[in-house]
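Structure first, then comments.
The values are calculated or read from the model by the stated rules, or taken from the named source; none is laboratory data. Remember, it's a predicted structure, so these values are computed and weren't measured experimentally. Heads up, the Cβs are rebuilt from the backbone with ideal geometry, glycines too, and the neighbour counts pull from every protein chain shown. Note: accessible area is taken over every heavy atom of the protein model, side chains too, but ligands, DNA and RNA are not part of it. Shrake-Rupley method; radii C 1.70, N 1.55, O 1.52, S 1.80 Å.
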Amino acid sequence: MSFEPPGAPGEVVHLKLPRPAELFARRARRFRELSPGNPMGEFLDALADVAGAQAAALAHLPAGQAPIPDLPTAAPLRATSHSRSPAWRDALAALVERLQGRAWPAPAAQALRRLAGARPQELEAMADGVIAGMPASTDLAAAPFVGAALQAYFTALASCLPAGRVERSEGGCPVCDSAPVAGLVLGDDKLRYLSCSLCGSEWNLTRIQCWSCRTTGGIQYLGVAGDGGAIKAEACTPCGSYLKIFYLEKMPLAEPLADDVASLTLDLLAAQEGWGRSGVNLFLLGGAEE
């Protein structure tokens with residue numbers, strides 16, 4: 001895992017901040033590992049290139065490009081109110097330039113051309129839509145690329161925070177207040193960490209508890225036959241939502257965002273049974289996979 005070292009023996013580390021270069025390199029590698037034999041193999045290969053472009057875009061995000069509030073505070077980089085530095089647009093430009101060098105389906109190729117020529121005001125409006133989880137219908141194909149640049153930006157900022165001074169959260173990510181993409185259950189101590197869909201931070205949450213409504217009753221688990229219990233959907237009866245959980249004891253190479261995309265069969269199963277997805281994956285907001 002590419003995060004800050006753990007605390008003292010027996011101590012439960014509440015928050016693990018990302019190491020951006022390692023995170024995006026590991027994500028790109030995982031996408032490529034998951035591609036062979038997967039019905040979505042071409043899409044996974046494309047997202048491996050996006051993750052590689054995110055790693056390269058970090059060079060356009062030097063420390064200190066955006067103010068970080070005095071700590072301690074809840075969600076010091078709260079995505080919906082954070083004043084973004086123009087540096088995120090520099091990262092987007094670098095990402096777009098790099099990705100235009102590969103073949104894409106028509107909608108994605110058109111989206112990249114549009115992003116390359118968009119004005120700052122347009123890009124900021126797109127970013128607001130992505131962060132709100134409601135990109136405009138005209139922005140759907142561009143949303144995953146905008147989301148990728150925002151991930152690079154917020155991950156770079158999150159990595160500079162003092163983890164020990166960030167307050168615990170009763171909602172989303174303690175750093176940026178975004179929803180998790182999925183959860184990880186560690187192999188040895190069975191602790192569960194939720195992985196932020198935006199800044200890549202991971203935070204501890206007691207198992208058998210809905211992250212969204214925090215109930216501990218009415219929790220059930222869904223799975224796909226034949227996967228050995230490595231992936232489950234933790235479904236909450238009171239709020240009707242579910243979040244995927246990856247068990248590192250059974251799949252030690254799991255990377256939350258990549259494995260979430262590669263396991264859409266479980267999402268289809270959950271949807272058929274009437275459950276709504278509570279996790280967010282910025283790569284699945286629009287039509288880049290078309």
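Annotations for the structure displayed:
- Charge dipole of the chain about the Cα centre (unit charges at C-beta), most positive-ward option of Ala270, Cys210, Ala75: Ala75
- Computed from backbone phi, the HN-Hα couplings of segment 203-214 come to 9, 7, 9, 3, 6, 6, 8, 6, 5, 7, 10, 6 Hz, rounded to whole numbers (Karplus: 6.51 cos²θ - 1.76 cosθ + 1.60, θ = phi - 60°; Gly and Pro given as x).
- For the chain, the carbon plus sulfur part of the accessible surface works out to 53%, probe radius 1.4 Å.
- For segment 252-267, putting each phi into the Karplus relation 6.51 cos²θ - 1.76 cosθ + 1.60 with θ = phi - 60° gives couplings of x, 8, 4, 10, x, 5, 5, 5, 5, 4, 6, 10, 5, 4, 5, 5 Hz, in residue order, rounded to whole numbers and with x for Gly and Pro.
- Cβ charges +1 (Lys, Arg) and -1 (Asp, Glu), total dipole of segment 170-278, debye: 240
- Relative contact order for segment 214-290, counting Cα pairs under 8 Å that sit 6 or more residues apart, in percent: 27
- For the chain, the tally of Lys pairs with Cα-Cα distances below 15 Å comes to 4, considering only residues 8 or more apart or on different chains.
- Percent RCO, i.e. relative contact order, over the chain, from Cα pairs under 8 Å lying at least 6 residues apart: 21
- The chain - accessible surface per residue (Å², probe 1.4 Å): 43
- Note: relative contact order over segment 69-222, using C-alpha pairs below 8 Å and six or more positions apart, is 24 percent.
- Here the mean projected area of the convex hull built on the C-alpha positions of segment 144-260 is 8.0 nm².
- Across the chain, the convex hull enclosing all Cα atoms gives 125 Å³ per residue.
- 222 nm mean residue ellipticity, helices alone, for the chain (DSSP H n ≥ 4; -39,500 (n - 2.57); rounded to 500): -11000 deg cm²/dmol
- Here's how it looks for Val13: its modeled amide H is under 5 Å from those of Gly7, which are all 5 or more places away or on a different chain.
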